[in-house]
Amino acid sequence: MTRRRGKKPLWEPGLIPAPGGLLDWRDAQHCDRWQNRPCALCDKPTPMRSHYDEPTHNKACAERWISEHPTEARLGRFASDVQLKRRRDDDHA
């Protein structure tokens with residue numbers, strides 16, 4: 001199963017890590033609590049989903065794919081979650 005060109009993500013992806021970098025998938029939407037599906041990269045069952053609902057193992061498969069396909073990875077097949085800026089209120093007593 002591959003992502004069709006022009007298909008919109010289910011929720012907004014963030015930055016694409018550099019080859020060898022780590023994905024940050026903290027959002028619970030990456031996990032399908034009800035169904036494991038075969039990983040699009042290795043065919044082993046996984047509850048993890050990309051921003052495009054593509055089943056994939058976060059740490060093992062998607063990061064390895066980014067390292068092996070650095071040019072194609074820039075198209076955004078796998079990306080980290082959007083990181084909200086934290087408020088820095090260091091003036092607490």
Using only the alpha-carbon atoms of segment 28-73, report the extent along each of the three principal axes, biggest first, to the nearest angstrom. 33, 19, 14
For Ser50, Ser67, what ranking results if the residue with the fewest other Cβ atoms within 10 Å of its Cβ goes first? Ser67, Ser50
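Any read-out appearing in this document is the output of simple, stated calculations on the displayed coordinates, not a laboratory observation. For clarity, every value in this text was computed on a predicted model and none was experimentally measured. Heads up, the Cβs are rebuilt from the backbone with ideal geometry, glycines too, and the neighbour counts pull from every protein chain shown.
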